[in-house]
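The values are calculated or read from the model by the stated rules, or taken from the named source; none is laboratory data. All figures in this text were calculated on a predicted structure; none of them were measured in a lab. FYI the Cβ positions are ideal-geometry reconstructions off the backbone, even for glycines, and counts take in every protein chain you see.
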Amino acid sequence: MSGQSEHIVIVGTGAAGLMAARELARAGRRVTILEARERCGGRIHPLPAAEFGYPADGGAEFVHGEAPVTRGLLREAGLSLQEIEGEQWSFDGVDISREDRHDRHKAELQTVLRELTDDLTVADFLRRHFSGNDYAPMRHSIERMVEGYDAADPERASTLALREEWMDGGHSPQARINGGYGALIDFLAAECRRHGVAIQFGRVVSAVAEEGGAILVHGADGAVHRCDRVILTVPLPLLREIALPASARAKAAAADDIGFGNVVKILLRFTRPWWRERKQELADMTFLLSDQTIPVWWTRHPDQHPLLTGWFGGPRTVELAKFDRQGLIDAGLDSLAAIFGVPREDIARDLVASAATNWLHDPFARGAYSWATPRTREAQALLARADGPVLFSGEALYRGRDMGTVEAALASGRETAEMILRG
């Protein structure tokens, strides 16, 4: 069969699925995308500008580091970035102060990291090289970053995979898209449609089967889609819920060697930026770290939107598993009340809009994003191979530094499409 007459079904309209679809359709392939939700974007989740005062992001929000694929797409779409500015603050249980980013053990840590050849889990690395009481603050800082930023479990996360992040102190530049990630997804979806991609919503895929040289993609609604190849871009936990042909099932089993973390994200819009009124120096605050139930908060600085975003990542999010949306919002308000030393009722009185998502509870995500274990690179290489009619793509398969990001998803989707086009 000629490549031009090949029909490819893609499962998922997240960043990877849309990117793969666009590249394939531009090359003349016939592409259908099946999406379980009633919207594009997946773990990119735009929230109504009418409620939050700007196009807010209930899921992915930041553009991390250089992100060349993302930035290239933004230029195509005519979208711009706003670099994150401002200071990081922390609450130690008594006072709020500017975060002291100086660690007297930093040079020692970097020396040990540079000389590391065999991969260890983060927990094993810290136990082996930095076990004394003198290192306790550094261990706490590293574990907090691994859990909160990478949404990873220190007992399973790869030290080598996180080495670059630590070497620059975890402070690579970050930016936001003016218009939010939803604007980028809208651009990609429009591009797909312009090139003839059929996007079908409300299509939950339950099984993929091989029959007489064709691939049959079965929907939970009984619909069957016949194609020549299928690309699965669903989050890793959902791979276990799709019945696959034996060869693809063997490859999918490698996903167990890739970590997948969870995040709770809370957005609270207020009538005014009351935290700046409490403490004038907080006018430059971007991030605020604490050990409260919702431990990380950030502002829209330098924008003036009176909004605080709460964040809790990693294995300890299981502590909030029983909370519904309102329970998460209440936990957020309680955390802010404790940090700022103000009555919860005063904060709640100024609240005009809110959103909260425990991504573990999202039936089409079952968590937030992936992270590397010492066995992940091997698993990714196996999963990314184009050696059959069932292919896998997504942020979890990206072998660069910024695994778990939208950049990783876009790059993986493009790479999958290029492998097919190379034939």
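Remarks
- The set of residues from the stretch 259-281 being part of a loop (DSSP other than H, G, I, E, B) and either crowded, with 20+ Cβ neighbours inside 10 Å or of a type in the set (S, T, N, Q) (or both) comprises ASN262, THR271, PRO273.
- Restricting the search to helices (runs of 4 or more DSSP H) fully inside the stretch 72-162 and requiring at least 1 residues that are buried (at least 16 other Cβ atoms within 10 Å of the Cβ) and among the small types (Gly, Ala, Ser) gives 122-129, 136-148.
- So GLY17, is it in the same structural domain as LEU238 (by TED's automatic domain parsing), part of a loop (DSSP other than H, G, I, E, B) and either over 24 Å from ARG300 (Cβ atoms) or among the polar types (S, T, N, Q) (or both): no
- So ALA21, is it on the phi < 0 side of the Ramachandran plot and buried (at least 19 other Cβ atoms within 10 Å of the Cβ): yes
Residues checked against (1) surrounded by 14 or more Cβ atoms within 10 Å (Cβ to Cβ); (2) under 18 Å from the mean Cα position of the chain (by Cα); (3) part of a loop (DSSP other than H, G, I, E, B); (4) modelled with pLDDT of 95 or more:
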position	(1), (2), (3), (4)
GLY327	no, no, no, yes
ILE347	yes, no, no, yes
SER354	yes, no, no, yes
THR357	yes, yes, no, yes
ARG366	yes, yes, yes, yes
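- Failed item in (1) touching a Leu at 6+ places or on another chain (Cβ under 7 Å); (2) not assigned by TED's automatic domain parsing to the domain that holds GLU147, with ARG163 passing the rest: (2)
- Matching residues in the stretch 217-238 - criterion: being in a strand (DSSP E or B) and within 13 Å of VAL11 (Cβ to Cβ): VAL217, HIS218, GLY219, HIS225, CYS227, ARG229, VAL230, ILE231, LEU232
- Looking only at the stretch 368-396, and only at residues there that are of a type in the set (Asp, Glu) and farther than 21 Å from PRO245 by Cβ, the one that is surrounded by the fewest Cβ atoms within 10 Å (Cβ to Cβ): GLU378
- Test: residue in the stretch 261-268 that is closer than 30 Å to ALA209 by Cα and not basic (Lys, Arg): yes
- In the stretch 212-238, residue farthest from TRP359 (Cα to Cα) [restricted to those that are aliphatic (A, V, I, L, M) and surrounded by fewer than 19 Cβ atoms within 10 Å (Cβ to Cβ)]: ALA214
- Some residue of the stretch 305-313 being exposed (fewer than 15 other Cβ atoms within 10 Å of the Cβ) and touching a residue at least 12 places away in the same chain (Cβ under 8 Å): no
- Some residue of the stretch 231-248 being within 20 Å of the chain's Cα centre (by Cα) and under 30 Å from ALA337 (Cα atoms): no
- Subset of the stretch 239-258 (residues that are surrounded by fewer than 20 Cβ atoms within 10 Å (Cβ to Cβ) and not in a loop (DSSP other than H, G, I, E, B)): ALA243, ALA246, SER247, ARG249, ALA250, ALA252, ALA253, ALA254, ASP256, ASP257
Matching residues to (1) of a type in the set (S, T, N, Q); (2) free of Cβ contacts under 8 Å to residues at least 60 places away in the same chain; (3) closer than 30 Å to ARG22 by Cβ:
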position: ARG71; (1), (2), (3): no, yes, yes
position: GLN82; (1), (2), (3): yes, no, yes
position: ARG104; (1), (2), (3): no, yes, no
position: GLU115; (1), (2), (3): no, yes, no
position: LEU120; (1), (2), (3): no, no, no
position: PHE125; (1), (2), (3): no, yes, no
position: GLY132; (1), (2), (3): no, yes, no
position: MET138; (1), (2), (3): no, yes, no
position: VAL146; (1), (2), (3): no, no, no
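- Selection from the stretch 160-213 of residues that are closer than 30 Å to PRO374 by Cβ and free of Cβ contacts under 8 Å to residues at least 12 places away in the same chain: ASP168
- Answer residue from the stretch 225-247, given it is small (Gly, Ala, Ser) and farther than 20 Å from THR32 by Cα and is modelled with the highest pLDDT among those: ALA246
- Residue count, the stretch 393-423 (criterion: assigned to a helix (DSSP H, G or I) and either modelled with pLDDT under 95 or of a type outside the set (Ser, Thr, Tyr) (or both)): 18
- In this entry, PHE187 passes the filter for residues that are farther than 22 Å from LEU382 by Cβ and of a type in the set (Phe, Trp, Tyr).
- Taken together, the residues in the stretch 134-158 that are modelled with pLDDT of 95 or more and polar (S, T, N, Q) amount to 1.
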